[in-house]
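What follows is a single structure, written as structure tokens, with notes after it.
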Amino acid sequence: MKSHHLVTLLVLILLCSSLLSVSGSGDGGGTTTVEDKITQLKRMAYSHPEGSPQMIQAWQQILSLDPMNLEAHVLLGWALITKMPHMGERGIQLLEASFNPHQVKPTIDFNFLQTYVIAATIGRYRSQQKEYAAAKHFTKLALELSQRHPNHHNNNNLGGSNSGIISHTEDGDVCLQMQLATMLDYFPDSTIAADAAIADMTKYADRLLAHPGWEINDPAISAMMPGAVADPYIHCELSIFYLSFYYRADVAAVARRHYEMASRGWPALNATADFVRKYDEEEIHPCITRKLRLLVISAVLTEGHSNSETFGGMLSRLDRDIFDVTYVLLAEMENSKIAEFTKTHPADRVHIFSKEAGDVSDGAWTMRMANEIESWEVDIIFYFDLTMSTLARRLGMQRLAPVQVNSNGHPITSGHDRSVVQYFISWAAAELPLEEAQRHYTEELIMVPSDIFYQYYERRTLPGQVSRMDGQPFGHLTRSDFGLPSSSRHKNVYLCMQKPFKFQPEFDELVCGVMAKDPNGWIVLHREISPANQEVFEKRLKRNGCNLSQITFLDQMPHHRLLALHRESTVVLDSYPAGGDTTTREVLEMGKPLVTLPGLLLGGRWSLGYMSNIGLKESTKKALIASSPDEYVKLAVQLASDDAFREMVEADIRKSVKNLFQRDDAVVAWQKIFLDISPYQQCSREKFHRMEKHEL
């Protein structure tokens, strides 16, 4: 964004509003001296380039002389966020203060168009920081301000170029409406707050979708809003990632609205490859004599990522006499290293796509990647995490193969129309009965049978208590290395190191219930990275009766330390309603008891699936799998308090956990699914099926 144009306008606003005078200056004879100094400093600020050290220093000195100076708050704040990204938080704080009568005098004028740009900028920044309350407040304010000026979208010169009109309906700025329609409460204060967030999203989405004839004007939004130029899609439509933790919501309906808004906002993404259109027009599809072309696309097809660990064993073992496999890594992070399993077969092709310098001011820039993928004319595209990556999500909106598939790399439906993404592959052992589970997906749900393991998993530890993931030993680590009490009074350590975004409000009563039933127990939880959200979490726990003095919050740690922490715990608590997957496998591999309460959606049922299939005794399963919150608390405390009983459960886990790994039947099951959904039959297989039918 050419932010100096907006700054110039802001200066004019301030001048017209007579805001260049000093506010809150001292009394008596010192007033003139302060005013003179401020006037000199302003001259200095305006005589230097925006964002220069001299300009920044001048405004900072003005604030030291006049802490309530609106002009300094606005212009310094804007310079920091647009010219010095590393100072973005400070810049946003200054802009936020410009709306607060306790921090500036007078406050910023709501009658000017540019005030809505400032409010929108604050809202988008706070959303990026996962601070829901502030994000929603300023985004709603910006939307209201855009409604005050119904003709603001005709002002097309903010960026100093012919950028066109800002997308607008009678409800205001379309981009802001889209943000509010996709703004999940990242760390809700209560189930009531979580439900309210979904209700608000639905309200904004339905109103926006009810308006005909709109789409996002990428050049215009890029010219006006800081940050939008990099990718207007990401700026306007927020991530669907956190939806997988909202178990009371109609997740399929919410995801579908997300897709429909993107489809309307960036219609170029609704493309169908020419060869796919031709396939659709053909009434009969002859069998093929070549291999089936399978394309795997992911933004986390990287070494060590949990999704690579989940799918790599199966994908690398598919029969290469049947499948021609190509991998695409959508490199959203610099220096991404593609997973080693993709190099198992020399004939497999590997491509790494990433954003280029010219991919700006265009939410549909992924069409560049799509055009190359289309030229390969593959039969099946397998996305194993369509809701984790905005790049994958946009590619998945286009029909680049006759059959496109989603799966549980992030265990939530894509929301894409079933004509575009036809299937979601899941595991019957971790799903509700098919008819009930299907309601949670826009794709047709296909499941690996419940009596077959879902994937070909490898152990994540090496002999001698060494982590396979980071190569470090962990046998020497003890509770004291984690700052945990070693006294007999607090011998029972209950551990849950799931990512904090899984700590939904429903989890609080389980944790605090355990503490109430075992008052000498010690709880260990993952610390939330956002201080604001950590504060929300601690308030929630206090409200539910937890004694925070008996809770240790730990930051993310290297893998070998996490394994040691699991080993040193007494009982591991599965998060709820979204539970563990990779973590559960690691806990079982360490031979530790994990208590789980299966949730409604796939993401809350992995522990149930694993523990139901590795060959545990019925008594062990009953000791670990709860059917209610009260039973969850009871099982956890019973395991911690009864050493003999816990040792018996651990012995059964250690005996049975070998059945979790290196399951060839999982590869066979996946291969069968891919062949069943293939748009083409291979002639050799068709002949085999005819012979098999004749023999029967």
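Limited to the range 411-439, what total is found for residues that are without any contact (Cβ under 8 Å) to a residue 40 or more places away in the chain and of a type in the set (Asp, Glu)?
Adding up the residues that qualify gives 2.
Confirm whether Asp274 is of a type in the set (Asp, Glu), in contact with an Asp or Glu (Cβ under 8 Å, 6 or more places away or on another chain) and closer than 20 Å to Gln422 by Cβ. Spell out how you get there, then give the answer.
Working: of a type in the set (Asp, Glu): yes; in contact with an Asp or Glu (Cβ under 8 Å, 6 or more places away or on another chain): yes; closer than 20 Å to Gln422 by Cβ: yes.
Judged against the criteria, Asp274 is a match.
Among the residues of the range 243-254, write down those that are surrounded by 18 or more Cβ atoms within 10 Å (Cβ to Cβ) and either hydroxyl-bearing (Ser, Thr, Tyr) or without any contact (Cβ under 8 Å) to a residue 24 or more places away in the chain (or both).
Ser244, Tyr246, Tyr247
When the range 477-497 is examined, which residues are found to be in a loop (DSSP other than H, G, I, E, B) and touching a residue at least 60 places away in the same chain (Cβ under 8 Å)? Working first, answer last.
Step one: filter the range 477-497 for residues in a loop (DSSP other than H, G, I, E, B), giving 477-478, 483-487, 491-492, 497.
Matches in the range 477-497: Leu477, Thr478, Gly483, Leu484, Lys491, Asn492, Met497.
Going through the range 646-677 one residue at a time, which ones are among the polar types (S, T, N, Q), open to solvent by 10 Å² or more (accessible area, probe 1.4 Å) and closer than 24 Å to Leu624 by Cβ?
Residues of the range 646-677 among the polar types (S, T, N, Q): 656, 659, 662, 671.
If we keep only those that are open to solvent by 10 Å² or more (accessible area, probe 1.4 Å) as well, we get 659, 662, 671.
The answer is Asn659, Gln662.
Being outside any loop (DSSP other than H, G, I, E, B) and surrounded by 24 or more Cβ atoms within 10 Å (Cβ to Cβ) is the filter here; which residues of the range 415-424 pass it?
Phe424, the sole residue that qualifies.
Taking the stated definitions as given, is Lys140 open to solvent by 40 Å² or more (accessible area, probe 1.4 Å), modelled with pLDDT of 95 or more, assigned to a helix (DSSP H, G or I) and farther than 19 Å from Asp218 by Cα? If you could, list the steps in order and put the result at the bottom.
Values: open to solvent by 40 Å² or more (accessible area, probe 1.4 Å): yes; modelled with pLDDT of 95 or more: yes; assigned to a helix (DSSP H, G or I): yes; farther than 19 Å from Asp218 by Cα: yes.
Judged against the criteria, Lys140 is a match.
Does Ala230 satisfy being assigned to a helix (DSSP H, G or I) and small (Gly, Ala, Ser)?
So Ala230 fails the test.
Condition first: open to solvent by 10 Å² or more (accessible area, probe 1.4 Å), farther than 25 Å from Thr366 by Cα, touching a residue at least 12 places away in the same chain (Cβ under 8 Å) and not basic (Lys, Arg). Now tell me which residues in the range 194-226 satisfy that.
Hits for the range 194-226 are Asp195, Ile198, Asp200, Met201, Thr202, Tyr204, Asp206, His211.
Rundown of residues vs (1) open to solvent by 10 Å² or more (accessible area, probe 1.4 Å); (2) under 23 Å from Leu41 (Cα atoms), yes/no style:
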position: Ser64; (1), (2): yes, yes
position: Met68; (1), (2): yes, yes
position: Glu71; (1), (2): no, yes
position: Leu76; (1), (2): no, yes
position: Ala97; (1), (2): no, yes
position: Val104; (1), (2): no, yes
position: Asn111; (1), (2): yes, no
position: Ala119; (1), (2): no, no
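Take Arg605 and decide whether it is in contact with a strand residue (DSSP E or B) (Cβ under 8 Å, 6 or more places away or on another chain), basic (Lys, Arg) and modelled with pLDDT of 95 or more.
no
For the range 297-311, name all the residues that are small (Gly, Ala, Ser) and open to solvent by 20 Å² or more (accessible area, probe 1.4 Å).
Listed by number, the residues that qualify are Gly304, Ser306.
Tell me, yes or no, whether the range 455-468 has at least one residue that is within 18 Å of Gly603 (Cβ to Cβ), in contact with a helix residue (DSSP H, G or I) (Cβ under 7 Å, 6 or more places away or on another chain) and in contact (Cβ under 8 Å) with a residue 60 or more places away in the chain.
yes
Just wondering, is there one or more residues in the range 46-59 that are farther than 19 Å from Gln93 by Cα, out of contact with any His (no Cβ under 9 Å at 6 or more places or on another chain), modelled with pLDDT under 90 and assigned to a helix (DSSP H, G or I)?
Checking the range 46-59: not a single residue is farther than 19 Å from Gln93 by Cα, out of contact with any His (no Cβ under 9 Å at 6 or more places or on another chain), modelled with pLDDT under 90 and assigned to a helix (DSSP H, G or I).
Quick one: Ser530 ticks every box in (1) in contact with a Ser or Thr (Cβ under 9 Å, 6 or more places away or on another chain); (2) among the small types (Gly, Ala, Ser); (3) touching a residue at least 40 places away in the same chain (Cβ under 8 Å) except a single one, so which number is it?
With (1) in contact with a Ser or Thr (Cβ under 9 Å, 6 or more places away or on another chain); (2) among the small types (Gly, Ala, Ser); (3) touching a residue at least 40 places away in the same chain (Cβ under 8 Å) applied to Ser530, the lone miss is (1).
Would you point out the residue of the range 513-540, among those that are open to solvent by less than 10 Å² (accessible area, probe 1.4 Å) and more than 27 Å from the chain's Cα centre (by Cα), that is modelled with the highest pLDDT?
Among them, the one singled out is Val514.
For (1) of a type in the set (Ser, Thr, Tyr); (2) open to solvent by less than 10 Å² (accessible area, probe 1.4 Å); (3) assigned to a loop (DSSP other than H, G, I, E, B); (4) farther than 23 Å from Val254 by Cα, each residue gets a yes or a no:
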position	(1), (2), (3), (4)
Asn406	no, yes, no, no
Thr413	yes, yes, yes, no
His440	no, no, yes, no
Gly475	no, no, yes, yes
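Only one of these is out of contact with any helix residue (DSSP H, G or I) (no Cβ under 7 Å at 6 or more places or on another chain), at pLDDT 95 or above and not small (Gly, Ala, Ser): Ile412, Ile425, Ile380, Ile352. Name it.
Of Ile412, Ile425, Ile380, Ile352, the one residue that is out of contact with any helix residue (DSSP H, G or I) (no Cβ under 7 Å at 6 or more places or on another chain), at pLDDT 95 or above and not small (Gly, Ala, Ser) is Ile352.
Among the residues of the range 228-236, is there at least one that is within 25 Å of Ser530 (Cβ to Cβ) and open to solvent by 20 Å² or more (accessible area, probe 1.4 Å)?
yes
Scan Arg277, Arg257, Arg264, Arg317 and give me the residue that is among the basic types (Lys, Arg), under 21 Å from Tyr186 (Cα atoms) and either open to solvent by 20 Å² or more (accessible area, probe 1.4 Å) or part of a loop (DSSP other than H, G, I, E, B) (or both).
Unique residue meeting the criteria: Arg257.
Collect the residues in the range 349-402 that are surrounded by fewer than 21 Cβ atoms within 10 Å (Cβ to Cβ), within 22 Å of Ala228 (Cα to Cα) and aromatic (Phe, Trp, Tyr), keeping them in residue-number order.
Phe353
Could you please let me know if Arg543 is in contact with a Leu (Cβ under 8 Å, 6 or more places away or on another chain), touching a residue at least 24 places away in the same chain (Cβ under 8 Å) and open to solvent by 20 Å² or more (accessible area, probe 1.4 Å)? Lay out the reasoning, then the answer.
Details: in contact with a Leu (Cβ under 8 Å, 6 or more places away or on another chain): no; touching a residue at least 24 places away in the same chain (Cβ under 8 Å): yes; open to solvent by 20 Å² or more (accessible area, probe 1.4 Å): yes.
It is false that Arg543 is in contact with a Leu (Cβ under 8 Å, 6 or more places away or on another chain), touching a residue at least 24 places away in the same chain (Cβ under 8 Å) and open to solvent by 20 Å² or more (accessible area, probe 1.4 Å).
Can you tell me which residue in the range 320-343 is least open to solvent (accessible area, probe 1.4 Å), limited to those that are part of a loop (DSSP other than H, G, I, E, B) and closer than 21 Å to Lys355 by Cβ?
Ala339
Considering only residues that are over 23 Å from Tyr247 (Cα atoms), open to solvent by 10 Å² or more (accessible area, probe 1.4 Å) and touching a helix residue (DSSP H, G or I) at 6+ places or on another chain (Cβ under 9 Å), which ones fall in the range 609-633?
Correct list: Asn613, Gly615, Leu616, Lys617, Ser619, Lys621, Lys622.
Yes or no, residue by residue, for (1) modelled with pLDDT of 95 or more; (2) assigned to a helix (DSSP H, G or I); (3) open to solvent by less than 30 Å² (accessible area, probe 1.4 Å):
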| residue | (1), (2), (3) |
| --- | --- |
| Ile13 | no, yes, yes |
| Gly26 | no, no, no |
| Gln40 | no, yes, no |
| Gln61 | yes, yes, no |
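Scan the range 562-608 residue by residue and report those that are under 25 Å from the mean Cα position of the chain (by Cα), more than 28 Å from Ala249 (Cβ to Cβ) and open to solvent by 10 Å² or more (accessible area, probe 1.4 Å).
Leu562
The values are calculated or read from the model by the stated rules, or taken from the named source; none is laboratory data. Everything numeric in this text was worked out from a predicted model, so none of it was measured. For neighbour counting, all protein chains shown are included, and Cβ atoms are generated from backbone atoms with ideal geometry for every residue, glycine included. Protein only, heavy atoms only, side chains kept; ligands, DNA and RNA dropped before computing areas. Shrake-Rupley method; radii C 1.70, N 1.55, O 1.52, S 1.80 Å.
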